Each structure stands twice: as structure tokens, then as C-alpha cells.
Amino acid sequence: MAYHRARAPKVCSRGRTALLALLASLSAAIANYARADDALSVTDAAPARPVIEFNRWKEDWSVLANPDVPAESLDSLKYIPLSSTDPQTYLSLGANVRERFESNDAVSFGTTGNREENYVISRLEADADMRIAEQIQIFTQLQSDFAPGKEVRTPVDQDRLSLEQAFIAVTESLGGGILKVRVGRQQFAFDLQRFVSVRDGPNVRQSYDAVWADYEIGRWRLISFYSHPVQNRDEHPFDDYSSGHLTYGGFRAERKLTSFMALAVSYSQFTQDKVTFATTTGNERREILDMHLSGALQGFDWDVEGMNQIGRLGDKVIRAWAYGSLGGYTFNQLRWTPRVGLQIDAASGNKNPNGGQINTFNPLFPNGYYVTLAGYTGYVNFVHVKPSVTVHPREGVRVMLAVGAQWRESTADAVYTQPDIPVASTAGHPGNYTGTYEQFRTDWTLSPHTSVALELVHFAIGDVLRAAGGHDSNYAGAEFRFAW
């Protein structure tokens, strides 16, 4: 039997041309529809709500003038328009609540005889932010801080009612860049807040009565400031003060070296009258040079800072220094994106209390949580090495485990607790080793407004502290934050 191959039907050239034209038209129609759909989705995407910032005065709530922004309750108080023609002219109200329970079984490592303390530190802040045509900002913030259950209260623990910030800021275009000037009571900080901070760790934040100006152009940011740091009291409401007896000011230049690295260099002056240090009393005058390099690239991150201090205290010459570094690598391809980190810090201590020099580093305005929240040691006369592992087991959750070891840079000087309080009977006694601590911390962001945190620290002391009457120490802190 013979088999014959079936022939394919012929399509005439005119039919083939028509078919190709139909396919081309259909393809173009699909492409145009897709582009239109993409454009529609972009156009219909609702603008995002502002992110609540660490510094509330940085927020811009004018976006709420757009009716497509997702609404929340009390938005009528977050954006109060003051002009029918300019959405950038408005008033915004806000508030912060921070409640933290702390348990500490050995304040100053138990050397002062204090028994275990369990207490709450409570902070309430309320602010009003007026903007006028993207040029003028008038910002005011009140704070009310309490420490129920805390037996020994310092000026940073309680301030029943005070003016935390009140400044006017002006923004202007100038020479291709942006000039910003702030005058009044305000808060500012640099870098990781090792030395100049808002002091968010303790209960009462650090404010400055200051004049601040910065100019941004291209990759440069140039800063000049002069301030009287605010001193806190709690005798009656609104009794915090500042004066020319304590000043801090200087100049700073920041530059983005590359897309992944930035450098900052600053020169500043710190003055304080009638200071008593060991056997020396007089006016303190420090000139400070600081350099800071930070960046992140391909999973690596780094932050390195060095500070040198020279000057005089009474009839003695000041020669002091400090160094701080944080670095790590994040395994972005692994589950929980673990980060392995290493922190190395050091600060000078006095070499000879009877000599003509003072080598003890002044930590200026530290943040109170750079080492741990426990505050067992300050950034003075120490060497600190701290490896850590950080993981993110779910979105919004961060867990950190660390072990830190500390030594004194000079045995002629004391062991210091936060911020710069010497532990009695440690200066001049043998033993560089201060101790080793374990730290556990977890932060959980529950919503854009709410977060909780837990920190646990165990500090095993060295011989110099044990000889001074100290013992191993334990700290626990549980924190709740709400911001509106």
C-alpha cells in the first residue's frame, strides 16, 4: 500500500500580507493597552503617608492635602491648612510616648551600696509644627518626664514639664544650593551620636539653645553652629536653663565621596567654667578635631570615627583622644539576613594625676545607649571590643546578641560609668581588665506608630572593681513607644 504525504494548503501572498498586518495590529494594541494600564496604575497609586522621624521637626505633612492619601483618624490635626491656595502652608500637631521599665541590681557595680532598683521612666512629648510656603518653619515641643520608683534621681531622669524645643527655621535657595538656618532651642546630633547626641537613652533628652546654619550643594554639606547646651532642673515647671558658662560650637564639612561612602570633618570648641577634675579646679577649654568615615557596599558596612582634644583645664594642659568603629557583613541571601558585626572603641585616660597634663577624654554629650542601655561604663578611659550577631526573624523584628570585653586604657585613671562618673577606689589601683558583658536586645516595630523593645545585660566584673567593693551586675529594660 502506498502512502502519500499530505500537502499543506497554500496561502496566497495577499492573504499572508493581511494576516501579518492583523497580527501586527493585535500586537500593537496589546502593547498600547499594557502601557496604558501601567500608566493608570502609576497614576492611581496613592501617595505614601510621611514616615514618623526620630526628629519630629523633619516630617512634612503637606502630603495630606492630597485626598488620595490613605486617611487615618485625627488627620484633621496632623494637617491643618492655613492657606486656601498654598498646601505647603499648614500647622501640624504631634505627640510621642515612651515608657520603659528598668531593673538594675548594681548601680555603679554596687560600689556605692545601692540596693536593687526597679522603676519606670516615662516620657511624654507634644509638638506643634507650623510651615509657611516651604520657607519658614516654627517648631515647638514640650516634654514631661517622670521616674516613678527611682530612688536616686539625676537631672536626666525627671523633668516634670519643660520646653524641649522652640525654634524658627528659614530655608532659601542660594547659589545653586540650599541654605537652612535655625535659631532657638533645638536638638541636633552627629553620626552615630557617640559624642554629640540627642541623649535618647536616658529619660530627659539633650537640647541646645543654638544658632545653626547648613548649606547643601552637590555632594557637599557645610555646617556652622554655636550653642549653649541646656541644663535640666526639676524644681518647678519650665526651669531648665542655659548660659555662657557651658558652650559648644564649631564647623563641619560633609562630602559624599562615592555613591557608597561619605566623609565628615569637624572642628569645634567646648568650654565649661569652674570644673573640678581630681585635684584640679578651673575653667575647661577644649579644642576638638573629629573625622568620620562611613559607608556600605555589597553586604559590608562600616562606620569609623576619631576625635582628638587639646586645651587647658586650670593650669593643666589637655591631651586626650577617642576612637570608635562599627563594621559588619550582612548575608542578604540567607534566611533572616544575619549580620555579623564587630565594634572596637577606645578613649584615653589620665596618665599621671600629679603631672601637668590631663589625658582623660571628655565624651561631651553621649547618647547613653552606644555601648548598652545599662550605663555600666562610659566612653572614658576604656578599650572596648564587641562582636555581635543580628538577625531579622520576621518583618519588623530585629534580634541582636553580643559579647563585649572592656579594659582601662590607663590604670592611673578610674573606671567610669555613664556618662563620665568615676567609680570610687579604682583610680591608681592595678588591673586593666574591667569586665565582660553579654547583651541581648530585640526591637519589634508593630506598626508605623508603635514599637516595643527588650534589652538584657549581664556584666561580669574584673578584679579592680571587685577590690573596690563591686559585684557582677544585671540589667533588664522593657520599652514601649508610640508616636502620632
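The values are calculated or read from the model by the stated rules, or taken from the named source; none is laboratory data. Everything numeric here is computed off the predicted structure, so don't read it as measured data. Backbone-built Cβ (ideal geometry, glycine too); neighbour counts: all protein chains shown.
Going by the conditions given, is V383 closer than 24 Å to V265 by Cα, at pLDDT 95 or above, surrounded by fewer than 20 Cβ atoms within 10 Å (Cβ to Cβ) and not aromatic (F, W, Y)? In short, yes. Going by the structure shown, is P338 in contact with a His (Cβ under 9 Å, 6 or more places away or on another chain) and farther than 15 Å from V383 by Cα? The answer is yes for P338.
Please find, within segment 179-222, the residue that is surrounded by the fewest Cβ atoms within 10 Å (Cβ to Cβ) out of those that are among the small types (G, A, S) and part of a loop (DSSP other than H, G, I, E, B).
Filtering segment 179-222 down to residues among the small types (G, A, S) leaves 184, 189, 197, 201, 207, 210, 213, 218.
From the residues that got through so far, the ones that are part of a loop (DSSP other than H, G, I, E, B) too are 189, 197, 201, 207, 218.
Working: A189: 18, S197: 24, G201: 23, S207: 28, G218: 9.
Filtering first and then ranking leaves G218.
Every condition in (1) within 30 Å of S425 (Cβ to Cβ); (2) surrounded by fewer than 17 Cβ atoms within 10 Å (Cβ to Cβ); (3) of a type in the set (G, A, S) holds for S144 except the one numbered (1). Can you name every residue in segment 328-374 that is touching a residue at least 60 places away in the same chain (Cβ under 8 Å), in a loop (DSSP other than H, G, I, E, B) and more than 30 Å from N203 (Cβ to Cβ)? Correct list: N350, K351, N352, P353, N354. Looking at F109, F101, just one residue is outside any loop (DSSP other than H, G, I, E, B) and buried (at least 18 other Cβ atoms within 10 Å of the Cβ), and that residue is F109. Note on segment 312-327: among residues that are in a strand (DSSP E or B) and free of Cβ contacts under 8 Å to residues at least 40 places away in the same chain, the one that is nearest to R394 (Cα to Cα) is G327. Looking at the structure I just gave you, is T434 modelled with pLDDT under 95, touching a helix residue (DSSP H, G or I) at 6+ places or on another chain (Cβ under 8 Å) and of a type outside the set (K, R)? Spelling it out, it is not the case that T434 is modelled with pLDDT under 95, touching a helix residue (DSSP H, G or I) at 6+ places or on another chain (Cβ under 8 Å) and of a type outside the set (K, R). Of all residues in segment 267-281, those being assigned to a strand (DSSP E or B) and at positive phi number 1.
Residues that are more than 19 Å from G375 (Cβ to Cβ), over 27 Å from the mean Cα position of the chain (by Cα), among the polar types (S, T, N, Q) and buried (at least 16 other Cβ atoms within 10 Å of the Cβ) within segment 419-472 comprise just one, S425. Of the residues making up segment 243-261, those that are surrounded by fewer than 17 Cβ atoms within 10 Å (Cβ to Cβ), outside any loop (DSSP other than H, G, I, E, B) and among the hydrophobic types (A, V, I, L, M, F, W, C) number 4. What's the number of the only condition in (1) surrounded by 14 or more Cβ atoms within 10 Å (Cβ to Cβ); (2) more than 20 Å from Q187 (Cβ to Cβ); (3) not small (G, A, S) that L297 fails to meet? Result: L297 passes all but (1).
Mind checking whether some residue in segment 163-184 is among the basic types (K, R), modelled with pLDDT of 95 or more and either under 19 Å from the mean Cα position of the chain (by Cα) or closer than 17 Å to D240 by Cβ (or both)? Reasoning before the result, please.
If we filter segment 163-184 for residues that are among the basic types (K, R), which is where we start, we get 180, 182.
Still in the running and modelled with pLDDT of 95 or more: 180, 182.
If we keep only those that are either under 19 Å from the mean Cα position of the chain (by Cα) or closer than 17 Å to D240 by Cβ (or both) too, we end up with none.
No: zero hits.
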